[in-house]
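In what follows, a structure is listed as structure tokens, so that the remarks can point back to it.
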Amino acid sequence: MVATLLLVALAALPSTILAQVNTTYVDYNIIAHPDLSPLSTDLVDFSFPDCSTGPLSGNLVCNTSASPHDRAAALISLFTIDELINSTGNRIPAIPRLGLPPYQIWNEALHGLYLANFTESGTYSWSSSFPSPILTMAALNRTLINQIGQIIATQGRAFNNAGRYGLNAWAPNINAFRHPVWGRGQETPGEDANCLCATYAYEYITGLQGDPKHPKIIATAKHYAGYDIENWHQHSRFGNDMNITQQDLSEYFTPQFVTAVRDAKVRSVMPSYNAVNGVPSAVNSFLLQTLVRDSWDFIEDDALRAGTDIDCGISYQTTLMEALNQGEISPSEIERAVTRFYSNLVSAGYFDGPDAPYRDLDWSDVISTDAWNIAYEAAVEGIVLLKNDGVLPLSQHVERIALIGPWANATTQMQGNYHGVAPYLISPLDALQASDFHVNYAFGTNISSNSTDDFATAFSAAEQSDIIIFAGGIDNTLEAEELDRDNITWPGNQLELIHRLGGFGKPLIVLQMGGGQVDSSSLKASENISAILWGGYPGQSGGQALLDIITGTRAPAGRLTATQYPAEYALQFPAIDMNLRPHGDNPGQTYMWYTGEPVYEFGHGLFYTTFETSLSPSRRNQTSFDIVELLSRSHAGYNVVEQLPFLNVTVDITNTGEVVSDYSAMLFANTTAGPRPYPNKWLVGFDRIGPLEPHATLEMSIPVSLDNVARTDAKGNRVIYPGKYELALNNERSAVLSFTLTGNATTVVEWPLDEQQVLAA
């Protein structure tokens, strides 16, 4: 399709793939900001077609007993060629003669509604603003992820019924946070693809969509595939050609999309901006046809060839007529693309009248779901205690607190990127001032500032206080869409100020904020730094969540989902080197392959209490398994047999301390079965239980399947290797279960050959 050759930025709906055209001849090899037409970003007043008395009332599209495809096809058959082409952009104009209102496909739902048509005040003036996904994932609570998706879907539908939001949402972002400089890592669940990103994808998508055959909100799994750089060293996401081995593509860059498509039944997939192995993602038939449609059961009626169906912008709307006249595209191809899009709207009840499901949701549902306080719960459960010399939780004798730093009085800063209007924003300063503490506040320094002008005020606040809290780190001035970091050090002179505050001889707590990690090794090593908390972008209730952790109202149980590397890591090798395994100057990427010494490991997280863990004697597992027998089991309820658990790691967790606390855990596998090199370990499961009262014991059980312990060979095949395996709880390996797989190496998923299909127009 010639029109797709104009693409410089790529995105997509189910079979519908969106893209942006270069009309200003900007060099997108180095520029990461798209040249979007104002028409593509226009908000619209949403409404529904009238299927009772309107022009379409006699058309099959209004017949709820027909299939979504047939209903959509009947509608599209009425379109003129101009109306058809006008329906290939994300901003679709009205067709008055058919009673079709305008529609805007581009709605965001990363961690709340964004690009909604908010009012200035009163009803529909806000929606819940949850923490950034990387902080939510740190809670290791899959139920929480699903709840957030459900709430956003409910609020989105309420806004839609009021004409202020669409039925599509371009979320979730399930790319793995491979390299720490990436500006959009905050949007992701973390650096683990197979377990964390895949689980987040499943829970968030099923939360947003509900019944995939009749979705509440049409979710979009993005950005497929190999996208994790914005503009590092002027390597723009639009111009990047990411060279990825088939092994890494299969093992790391696509497993979460398999889960999204095959298991969660996502209704939409958005290709990435970059090329993969020489072919732009939005015209990559290996990615879009061979994998998504042919291998992962992304079933669509009449899916005859891969390509970009819907344009994020106006390029199709302005160029397809010429391509049509020159015979470079056929009317049937355009019809197929637009039919696919409208099939989704049909499934979501767009043509089903006022009695359709969810049409009764309104502003009261926005208020009631926000009142569940899940935004607070996600923040307080996700906060990670990195260091603690015993100062936390605060002693009851503390009365005066110095609060210093550029995050102390954060407002929209707490929301990260892709955020809408929150009902309220509780900063750390707000929370402290509403407490019984006497607060001495000083700004101190800005995120990237090297000025010491406000140091004296900070020192004065410290002198007048019993304890010092420094709130700083990074924010969207340094990490964002279109913006990668040059390094992973603390920016500006924040570290200088922190260490000088440490010289006052008073307990000093550091709140390290922002999505990406910064090298806090000097803080970790310093005896003058009493505690470090990582708080991500904590959303509307972030300040209260941080204060409640500090005071012990709630106990921390979050764990890092991204490695905190030493600063030199970001300078050792190019961030566009996609090879995960160590080679040359590349010491290996992610916790699976990194050969250096992290500042804080993936999975690190401290508690206010102590826990004793032991394999449960009441749940003794078989320790040897025959591969053929495991693969021969019936697997009702599972898409493939390798998803069926063959053992459960059951552990008794006892709170041996004096503080009520949740307990979270990661379960890692390691083995020397199969070919070298061997990963350090890999995540196979996680859970969170509690709260546990002092001296109470609860049982935690994590299922393990063959899919969890499969490795990926050089060709990209998923293989079960015979040999000995260990399953260890957390980095400390506080409980270890060993087992053996017997038989021959067996391929459970054969990775297809990476070939581009040559498809005639």
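The values are calculated or read from the model by the stated rules, or taken from the named source; none is laboratory data. Owing to the predicted nature of the structure, the values given are computational and were not obtained by experimental measurement. Ideal geometry is used to build each Cβ from the backbone, glycine not excepted, and the neighbour counts take in all protein chains shown. To get the accessible areas, we keep the full protein, side chains included, count just its heavy atoms, and leave off ligands, DNA and RNA. Shrake-Rupley method; radii C 1.70, N 1.55, O 1.52, S 1.80 Å.
Within segment 640-692, the set of residues being part of a loop (DSSP other than H, G, I, E, B), more than 22 Å from Asn708 (Cα to Cα) and open to solvent by 30 Å² or more (accessible area, probe 1.4 Å) comprises Thr656, Glu658, Val659, Val660. Only one of the numbered conditions (1) open to solvent by 10 Å² or more (accessible area, probe 1.4 Å); (2) assigned to a loop (DSSP other than H, G, I, E, B); (3) in contact (Cβ under 8 Å) with a residue 60 or more places away in the chain is not met by Lys524, and that is (2). Of the helices (runs of 4 or more DSSP H) entirely within segment 289-386, those holding at least 1 residues that are open to solvent by less than 20 Å² (accessible area, probe 1.4 Å) and at pLDDT 95 or above occupy 331-347, 363-370, 374-382. When segment 90-133 is filtered for residues that are free of Cβ contacts under 8 Å to residues at least 12 places away in the same chain, more than 19 Å from Leu361 (Cβ to Cβ) and not polar (S, T, N, Q), the ones remaining, listed by number, are Pro93, Ala94, Pro96, Glu120. Given the criteria under 18 Å from the mean Cα position of the chain (by Cα), more than 24 Å from Gly382 (Cα to Cα) and at pLDDT 95 or above, does Thr259 qualify? Spelling it out, it is not the case that Thr259 is under 18 Å from the mean Cα position of the chain (by Cα), more than 24 Å from Gly382 (Cα to Cα) and at pLDDT 95 or above. Inclusion of Asp42 among residues that are at pLDDT below 90, assigned by the TED database to the domain that holds Ala260, open to solvent by 10 Å² or more (accessible area, probe 1.4 Å) and under 23 Å from Tyr316 (Cβ atoms) is warranted. Based on this model, can you work out whether Ile532 counts as under 20 Å from Leu403 (Cα atoms), open to solvent by less than 10 Å² (accessible area, probe 1.4 Å), at pLDDT 95 or above and more than 25 Å from the chain's Cα centre (by Cα)? No; evaluated as a whole, the condition is false for this residue.
Residue count for segment 261-286, restricted to those that are in a helix (DSSP H, G or I), of a type outside the set (S, T, N, Q) and under 12 Å from His223 (Cα atoms): 1. Exactly one residue out of Pro617, Pro574 is farther than 30 Å from Glu658 by Cβ and in a loop (DSSP other than H, G, I, E, B), and it is Pro574. Only residues that are among the β-branched types (Val, Ile, Thr) and in contact with a His (Cβ under 7 Å, 6 or more places away or on another chain) were counted across segment 632-653, and they come to 1. Restricting attention to segment 51-80, the residues that are surrounded by fewer than 17 Cβ atoms within 10 Å (Cβ to Cβ) and in contact with a Gly (Cβ under 6 Å, 6 or more places away or on another chain) total 2.
For the residues Ile17, Ile31, the requirement of being farther than 29 Å from Glu333 by Cβ and modelled with pLDDT under 95 singles out Ile31. When Ala557 is tested against (1) outside the structural domain of Pro703 (by the TED database); (2) under 25 Å from Tyr725 (Cα atoms), just one condition goes unmet, and that condition is (2). The residues of segment 187-236 that are out of contact with any strand residue (DSSP E or B) (no Cβ under 8 Å at 6 or more places or on another chain), in a loop (DSSP other than H, G, I, E, B) and open to solvent by 10 Å² or more (accessible area, probe 1.4 Å), listed by number, are Gly210, Asp211, Pro212, Lys213, His214, Lys216, His235. The residue that is most open to solvent (accessible area, probe 1.4 Å), among those in segment 729-750 that are assigned to a loop (DSSP other than H, G, I, E, B) and within 23 Å of Asn680 (Cβ to Cβ), is Glu732. A single member of Tyr569, Tyr600 is open to solvent by less than 30 Å² (accessible area, probe 1.4 Å) and over 16 Å from Ile383 (Cα atoms), and it is Tyr569. Within segment 693-723, the set of residues being in a strand (DSSP E or B) and either open to solvent by less than 60 Å² (accessible area, probe 1.4 Å) or under 17 Å from Phe668 (Cα atoms) (or both) comprises Met700, Ser701, Ile702, Pro703, Val704, Ser705, Arg711, Thr712, Arg718, Val719, Ile720, Gly723.
Only a single item in (1) touching a strand residue (DSSP E or B) at 6+ places or on another chain (Cβ under 6 Å); (2) surrounded by 18 or more Cβ atoms within 10 Å (Cβ to Cβ) is not met by Glu726, and it is number (2). Taken over segment 135-150, residues that are aliphatic (A, V, I, L, M) and either without any contact (Cβ under 8 Å) to a residue 24 or more places away in the chain or not in a helix (DSSP H, G or I) (or both) amount to 2. Among residues of segment 684-706 that are closer than 19 Å to Tyr638 by Cβ and modelled with pLDDT of 95 or more, those with a Cβ under 7 angstrom from a residue that is assigned to a loop (DSSP other than H, G, I, E, B) and of a type outside the set (Phe, Trp, Tyr), sequence gap 6+ or separate chain, pair up as Ser705/Leu644.
A single entry from Gly99, Gly112 fulfils the requirement of being at pLDDT 95 or above, open to solvent by less than 10 Å² (accessible area, probe 1.4 Å), at positive phi and in the same structural domain as Cys195 (by the TED database): Gly112.
Just to be sure, is Ala153 within 21 Å of Tyr424 (Cβ to Cβ) and either of a type in the set (Val, Ile, Thr) or part of a helix (DSSP H, G or I) (or both)? The answer is no for Ala153. Restricting Thr88, Thr123, Thr80 to those that are within 27 Å of Gln150 (Cβ to Cβ) and either within 31 Å of the chain's Cα centre (by Cα) or among the β-branched types (Val, Ile, Thr) (or both) reduces the list to Thr123.
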